[in-house]
Amino acid sequence: MLIIPVDDLSEDALLGVIDAFVLREGTDYGHRDISLDEKRRRVRAMLEQGTARIVYYPENEFIDIELTA
């Protein structure tokens, strides 16, 4: 597993990673409907605050976001 600094990704690549994370089936945001833009903002804030990080698994070429706290 490799940790990918947010600043190492282009804006488009970062948005793609965030979208893959928030659109993944089974992601739970509770009973309230939250817009895609709000989900993106929340995940980006978590990445910037260090409560989440981008990880890359070279053995299967999978990139993901994981919570650190």
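The values are calculated or read from the model by the stated rules, or taken from the named source; none is laboratory data. Because the structure is predicted, anything quoted here is derived from the model rather than measured. FYI the Cβ positions are ideal-geometry reconstructions off the backbone, even for glycines, and counts take in every protein chain you see.
Observations
- Selection from the stretch 2-21 of residues that are farther than 16 Å from E48 by Cβ and in contact with a Lys or Arg (Cβ under 8 Å, 6 or more places away or on another chain): D19
- Reported count of residues in the stretch 9-19, each being out of contact with any helix residue (DSSP H, G or I) (no Cβ under 9 Å at 6 or more places or on another chain) and either modelled with pLDDT under 95 or more than 14 Å from K39 (Cα to Cα) (or both), is 4.
- Pairing each residue of the stretch 46-57 that is within 18 Å of M1 (Cα to Cα) with any residue that is assigned to a loop (DSSP other than H, G, I, E, B), provided the two are 6+ apart or on different chains, yields C-beta distances under 6 Å for T51/T68; T51/A69; R53/T68; V55/M1; Y57/M1.
- The lone exception for I34 - which of (1) assigned to a helix (DSSP H, G or I); (2) surrounded by 10 or more Cβ atoms within 10 Å (Cβ to Cβ); (3) at pLDDT below 95 it fails: (1)
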